[in-house]
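Reviewing the structure listed below.
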Amino acid sequence: MPAPTISLSTLPIGTTATIREFPKIGAAFLRLREMGLLAGTPVTLVRAAPLGDPLEIKIRGYHLTLRKSEAEHILVEPAA
Amino acid sequence: MALPPHVSTGPSAAPARQPVYALVGNPNCGKSTLFNALTGLKQKVGNYPGVTVEKKIGTTYSQHGQPITVIDLPGTYSLAARSPDEAVTRDVLLGRRADTAQPDRILCIVDATNLERNLYLVHQILDLGRPVILVVNMMDLAAQAGLTLRLARLEHELGLPVIACEAVHGRGLIELKLAMSRPDLPLSRHAWDVPAAIAPAVAELQASLTSNDRKSPLIARAEALLLLTDQDALRVAGSTPLCPRTVEILESWKKRWAAEGTDWAGTLVASRYEAIGHLATAVIQTSGTAGPTTSDRIDAVVTHQLWGWLVLGGVMTLLFLSIFTLAETPMNWIDDQAAALSTWVKHAMADGDLRDLITAGVIGGVGGVVKFLPQILILYFFIGLLENTGYMARAAFIMDRLMSRVGLNGKSFIPLLSSYACAIPGIMATRTIEEPKDRLVTILVAPLMSCSARLPVYLLMIAALVPGDRVPLATKVVIMILMYALGTFGAFGFAWLFKRTLLRGAPPLMIMELPPYRLPRLRDVALHMIERAWIFLRRAGTVILGISIVLWFLSAYPKAPAGVTDQQQLAQSFAGRAGHALEPIIKPLGFDWQIGIGLISSFAAREVFVSTMGVVFNAEAKDDDTTPLRQAMLNAKWPDGRSLFTPLTCFSLMIYYVFAMQCMSTIAVVKRETNGWEWPVFQTFYMTGTAWILSFIVFQAGRALGF
């Protein structure tokens with residue numbers, strides 16, 4: 001049975017998950033992929049900005065920001 | 001255009017002319033530091049024609065003292081360009097730019113602490129089939145983070161020279177120069193298989209690019225791979241359009257894949273990362289799991305819900321305090337020097353128009369603008385410091401939500417903030433904004449932020465507004481805050497408007513790396529500051545000098561009969577006549593022709609209004625004491641005996657100064673940054689038009705209400 005996935009924007013802060021599904025189209029997602037966000041990559045949601053958006057994630061050992069509007073299309077599987 | 005022949009690898013084919021290296025790498029990997037370390041002050045900074053992207057070329061020397069050219073290309077994460085800067089990097093590497101010869105060799109710099117993502121760009125560059133030297137920078141930081149890099153293994157796997165480096169400490173530079181001096185450099189033998197689903201398309205595109213677009217086979221393959229990932233590849237300025245046949249092949253494959261559900265771009269990216277993953281496992285050894293780093297601990301405070309704002313506020317306060325306090329002494333010094341130079345010229349030359357031109361026109365005009373140099377330098381220093389330490393990205397992160405309300409992103413924050421001191425560094429700081437439309441919107445609204453040259457005008461108006469010789473501090477502060485708020489809301493309002501009308505575009509993304517905090521490198525900050533200041537001074541020497549002479553001419557001609565006062569001379573000069581001609585237009589705002597002269601002359605710099613009023617009303621105004629001028633202004637009357645400077649007029653005038661574009665230096669910089677006259681002209685009209693309308697409303701409404 002496949003593990004349940006949630007969107008990256010709803011991942012609790014401070015937790016790590018594995019990226020499962022990634023939108024195929026859109027310049028934003030292509031760039032995110034080139035920055036190393038690929039299916040199977042572990043990602044940690046580090047924090048949200050003081051006003052709630054954008055989000056800061058840690059991926060492949062570095063920190064990256066993205067808006068919630070992008071993060072909600074990225075499906076992740078929280079670590080057990 | 002003759003492209004240099006592809007440099008082959010045999011010793012006999014060592015380039016006879018000065019070899020050209022391109023320096024490429026991700027942002028924040030220490031590329032500028034390495035470039036500065038290699039080339040020192042032997043740098044030439046210019047612009048790529050047609051785009052406002054900085055072109056930096058330097059010279060370094062081989063072990064035998066032969067000069068080597070190094071082109072510092074804009075930092076990028078990928079050759080699939082997203083901004084004009086990144087497009088320049090891609091086009092130079094692919095030999096598409098007619099103004100820059102294709103580099104013979106490529107110097108790739110990567111951040112040792114973040115090897116995987118950095119290798120993505122390297123992987124794309126290996127496709128170009130040029131000799132590559134790989135510089136692995138920040139080895140010390142990687143060691144601190146518990147990473148051991150087996151660079152010999154990396155060298156073996158990639159088949160190219162790999163140099164361990166700490167550019168900040170100058171370590172590894174000798175080894176790098178030795179590698180750069182080699183007459184022969186191997187081509188990478190890193191084998192990479194294009195995924196099977198995409199390989200036939202790559203082959204077909206490569207064939208067409210070779211036969212129809214006359215590219216060399218290797219470049220053709222790299223171009224083919226790029227066409228499949230770069231969405232803008234087909235419509236990029238500076239590159240030759242592709243042959244229709246090639247475009248046709250590309251489109252038919254895309255259609256086919258779309259029907260099949262093949263995610264071609266994603267597959268390509270994933271397969272590159274897969275190859276990199278194999279490399280990384282072989283090369284990187286992690287010792288234990290590292291706890292929170294120093295950077296993480298700093299960020300816990302700096303981006304904290306509450307402390308974050310306090311830190312941001314603190315940094316901004318410090319910035320403005322230093323601009324207004326530290327800059328004061330050198331600004332006065334420049335004023336004094338200009339005055340001393342004027343006096344000297346007055347003694348050295350015979351009385352006459354030429355003398356007046358030199359003292360009042362050239363020294364006065366250019367001096368009045370150059371006076372702002374200390375402020376601009378301090379601002380550049382701070383911006384450089386914020387960029388260098390990594391705080392800039394955090395400020396953008398914190399402010400993004402607010403900026404997104406008007407359709408911009410967090411990167412517009414620092415440029416707009418800097419504009420409170422002076423719009424010129426603010427406008428030049430917009431280069432970090434990737435999306436051209438967002439950058440343009442930021443440039444268009446930046447001069448609405450009340451800059452320091454408006455301060456003397458506000459202060460004079462407040463002095464004239466409030467009865468009594470001493471203005472209560474509270475009144476002064478409230479009116480000041482009102483003016484600053486008006487400008488700020490104006491800027492955000494217009495940004496919102498432009499993003500919805502003229503420069504409509506998708507809301508900008510906020511995909512931004514938060515680099516680890518680093519100690520600033522003062523040498524890099526200073527170099528950056530000097531470069532920018534030099535650009536400003538060059539402007540002062542050309543455009544601003546020209547306009548200063550024109551403004552001088554307008555106030556000095558036609559000549560009044562000998563023996564009249566300065567006041568009478570100005571009144572009957574072209575400027576005075578222009579003031580008269582302007583009066584019907586500005587009368588509804590409560591201004592007469594004398595204020596009109598002030599409006600015209602403050603085009604040199606807004607604060608010139610104060611000294612012009614001094615001449616117009618024949619009262620000497622000193623910086624620290626406006627009392628005589630204030631008295632003279634309060635005595636000024638309309639021909640029918642009404643007071644000229646009523647409180648309402650003073651308000652109307654302040655509002656005019658909040659919005660009107662009255663700064664030739666800003667116009668000159670906007671022209672440079674937007675590559676033409678259209679936008680500065682548009683900006684002048686929209687700002688001055690808004691100023692007129694708002695002053696009109698305030699003055700007429702005020703009169704109707706009986707003020």
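Before moving on, here are some points about what is shown:
- Global geometry of region B:596-701, whether rounded, prolate or oblate, following the gyration tensor of its Cα atoms and the 1.5 cut on a/c: oblate
- When you restrict to C-alpha pairs under 8 Å that are six or more residues apart and normalise by the size of chain B, the relative contact order lands at 10 percent.
- Point-to-point label distance, B:I697-B:I174, nm (Cα→Cβ direction, 7 Å offset): 7.0 nm
- In this structure, the pairs whose alpha-carbon distance is over 23 Å, taken from B:K56/B:K671; B:K42/B:K371; B:K56/B:K499; B:K177/B:K215, are B:K42/B:K371; B:K56/B:K499; B:K177/B:K215.
- Our compactness index for chain B, the C-alpha radius of gyration over the empirical 2.2 N^0.38 Å, is 1.11.
- Ignoring aspartates and glutamates fewer than eight residues from B:K31 along the same chain, the ones with Cα atoms less than 13 angstrom from its Cα are B:D72, B:D111, B:E166, B:D524.
- Shown here: region B:199-286, whose C-alpha atoms stretch 50, 31, 24 Å along the first, second and third principal axes, sorted largest to smallest.
- Taking only the C-alpha atoms of the protein assembly as shown, Rg followed by Dmax gives 29.8, 101 Å.
- With the convex hull drawn around the C-alpha atoms of region B:12-181, the volume per residue stands at 116 Å³.
- Folded to 0 to 90 degrees: helix B:473-500 orientation relative to chain B principal axis, Cα: 50 degrees
- When you restrict to C-alpha pairs under 8 Å that are six or more residues apart and normalise by the size of region B:45-200, the relative contact order lands at 17 percent.
- Sequence-ordered 3J(HN,Hα) estimates for region A:59-71 from the Karplus curve with 6.51, -1.76 and 1.60 and θ = phi - 60° stand at 9, 6, x, 10, 9, 9, 10, 8, 7, 4, 4, 8, 4 Hz, glycine and proline given as x.
- Spherically averaged projected area of region B:372-508 from its Cα convex hull (nm²): 9.2 nm²
- Between B:A143 and B:F320, the modelled label-to-label distance comes to 4.5 nm, taking each label 7 Å out from Cα in the direction of the beta carbon.
- Charge dipole (debye, nearest 20) of region B:557-704; +1 at Cβ of Lys and Arg, -1 at Cβ of Asp and Glu: 300 debye
- Cut-off 12 Å (backbone N to label point 7 Å along Cα→Cβ of B:S252), residues of region B:175-199: none
- Candidate cross-link partners of B:K637 among the lysines, defined by an alpha-carbon separation under 27 Å and a same-chain spacing of 8 or more, comprise B:K476, B:K559, B:K587, B:K622.
- The C-alpha atoms of chain B define a longest principal axis, and helix B:664-674 lies at about 20 degrees to it.
- Along each principal axis, Cα extent of region A:6-78, largest first, Å: 29, 22, 21
- Inter-site label distance for B:A350 and B:Q567 at 7 Å from Cα along Cβ, in nm: 3.2 nm
- Kirkwood Rh in Å, taken over all unlike Cα pairs in region B:453-495: 11.2 Å
- Antiparallel DSSP beta bridges within chain B, as percent of all bridges there, nearest 5: 50 percent
- Acute angle (nearest 10 degrees) that the helix B:115-126 long axis makes with the longest principal axis of chain B, alpha-carbon atoms: 80 degrees
- Assuming charge only on the beta carbon of Lys and Arg (+1) and of Asp and Glu (-1), the dipole of region B:199-286 about its Cα centre is about 180 debye to the nearest 20.
- Full-extension gain in nm, B:I549 to B:N618, via 0.36 nm per residue minus C-alpha separation: 22.6 nm
- Top positive-direction residue, dipole computed over region A:6-78 with Cβ charges, set A:G61, A:V43, A:F29: A:G61
No lab work stands behind these numbers, since they all come straight from the coordinates. Owing to the predicted nature of the structure, the values given are computational and were not obtained by experimental measurement. As a convention, Cβ positions derive from the backbone with ideal geometry for all residues, glycine included, and neighbour counts pool all protein chains shown.
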